[in-house]
Amino acid sequence: MPGPEKESGGATAFVVHVEPKARSERSPRDAQERLAEAVGLTAAIGLEVIAARIAPLGRPTPATLIGSGKVGEIAEEAARLKPELVIVNAQLSPVQQRNLEKAWGTKVLDRTALILEIFGARAATREGRLQVELAHLTYQRSRLVRSWTHLERQRGGFGFLGGPGETQIEADRRLIGERIVKIKRELEGVKRTRALGRQARQRVPFPVVALVGYTNAGKSTLFNRLTKAEVLAKDLLFATLDPTMRGVRLPGGAKVILSDTVGFIADLPTELVAAFRATLEEVLAADVIVHVRDAAHGESEAQKADVLKVLSALGVPEDRTMIEVLNKIDLLPAEVRAGLLAGNVQGKRAVAVSALTGKGLETLLARFEAEVSRGNIDLDLSLDASDGAGLAWAYRHAEVLARRERAGRIALSLRTSPQNLARFQNRFEGKIKQKQNSA
């Protein structure tokens, strides 16, 4: 089965997606799409997928999750194909993992372990590494960790795949617990640093616009297009892990801070949600949340539901204002694309764009401006024509609606946020007046 771009050649893998019949009856997700996603996750850490299949599940078996008949079928296939590991796209208990490894004669990773391995390979900053290690140790605390030396070491990660001569985490619960306590203490420092950073931005202040969405929805491509940055943007699940922030100038001249965040995914491990809370608090503190969706994906609606579920777990209220962006419209048929660009979008807040071609971005920036300027106030400011510093300050911190010069004076009509009013009053005491109709 073809998958997305791989990082590099690596060990061979057999992907098994476990599809509970009860879920398939009530879930909008298609089993083949879920299998394809599991193949993409596997390819994302450089593994070569040599086989992939769906294992229907009527009733979970405590010892192996799937029934003995399916275990036997996969064992025969594994004996023939000789994969170096089997990826089970489901959550396995430690006992189930051990029993399947014995039955199939190879290393087994469940969905949680696979996602943790991807995050371990992606984290580029010290903060990211700490957060992934915390999630990894929380996951591993209840599991027996053994050394597997028959695999080549994969790039990054935290030891699920093992490698020749490599020491696995073999500490007992006490040592793991001590490490978890230490990491949490360090991440508290990260949380305080981020809070100070937010306070500093509030003093400037520039509104923060946070991009969220399902992994591979095109957030980083959109971020790069809007900010002219060079964040890694590839057809690869979880290409972005560490958050990035850049300034963006809006059409009216105002500036916002655009934040690119880690992508979400269905059944995101609770360990990762907890570990990345310090980072994802940037989303909670944002002035505007922008939900980027892959409009060309067959399960775009199901992915939307998964993202909203994670946002709810983070504490984002259901009634929070959010801009919905339908990305990748360049992959849609011409007539559908034209209709979306003309405004025929489900949901009045949705904006259709192509981050790749730039289509629809002007409309998106205008929507950013409408959201961040909601509730703004109008001011009149009178300055001496010689006050160049004051004039420059006003232009930097407000939208200039009109400018009039007369008899050595400059009169400006300004629009700014309510949070900025006190700063203008302090900077231009006695020279500024709030218009009556902008309370």
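Return the FRET efficiency for the residue pair residue 435, residue 186: r is the Cβ-Cβ distance, R0 is 45 Å, and the value is rounded to the nearest 0.05. Mind dumping the intermediate values first?
Working: r = 49 Å, r/R0 = 1.09.
Efficiency for this residue pair is about 0.35.
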**Study point:** Sorted by Cβ neighbour density within 10 Å, fewest at the top, the residues 108, 16
**Key:** 108, 16
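May I ask you to derive the FRET efficiency for residue 300 and residue 178 from their Cβ-Cβ distance with R0 = 45 Å, giving the value to the nearest 0.05?
Values: r = 44 Å, r/R0 = 0.98.
In this case the efficiency is close to 0.55.
Assuming R0 = 25 Å, can you tell me the calculated FRET efficiency for the pair residue 334 and residue 356, based on Cβ-Cβ distance, to the nearest 0.05?
On the way: r = 15 Å, r/R0 = 0.62.
So the FRET efficiency works out to roughly 0.95.
Just want the ordering: 288, 316, from fewest to most Cβ atoms lying within 10 Å of their own Cβ. Could the numbers behind the result be given before it?
Details: 288 21, 316 18.
Ranking 288, 316 by Cβ neighbours within 10 Å, fewest first, gives 316, 288.
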**Study point:** Ranked 351, 181, criterion: other C-beta atoms within 10 Å, fewest first
**Key:** 181, 351
Point to revise | Charge context of residue 373, other residues only, Cβ under 13 angstrom, K/R +1, D/E -1 | key: -1
Exercise for review: At 7 Å along the Cα-to-beta-carbon direction for both residue 400 and residue 363, put a label point, then send me their distance in nm to one decimal.
Suggested key: 3.2
Exercise for review: Using a 10 Å cut-off on Cβ atoms, rank the peptides 112-123, 49-60 from the highest mean neighbour count down.
Suggested key: 112-123, 49-60
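Provide, for the range 12-140, the number of lysine pairs with alpha carbons under 16 Å apart, each pair being eight or more places apart or on different chains.
Working: 21/70; 70/102; 82/102; 82/107.
Here the count comes out as 4.
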Practice item. Pop a pseudo-label 7 angstrom from the Cα along the beta-carbon direction at both residue 413 and residue 81 and give the gap in nm to one decimal. Key: 6.9
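If you stretched the chain out fully between residue 386 and residue 427, how much longer would it get, using 0.36 nm times the residue separation minus the C-alpha to C-alpha distance?
Values: separation 41, 0.36 × 41 = 14.76 nm, distance 1.61 nm.
Roughly 13.2 nm would be gained on extension.
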Review point. Given H placed 1.01 Å from N in the peptide plane, which residues other than close sequence neighbours of residue 19 have an amide H under 5 Å from its amide H?
Key: 55, 57
Exercise for review: Tell me the label-point distance for the pair residue 196, residue 126, using the 7 Å Cα-to-Cβ offset, in nm and rounded to one decimal.
Suggested key: 1.3
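No value in this document is a laboratory result; all are computed from the given coordinates. Keep in mind that what you see is a predicted model, and the values were worked out from it rather than measured. Using ideal geometry, Cβ is built from the backbone for each residue, glycine included, and neighbour counts are taken over all protein chains shown.
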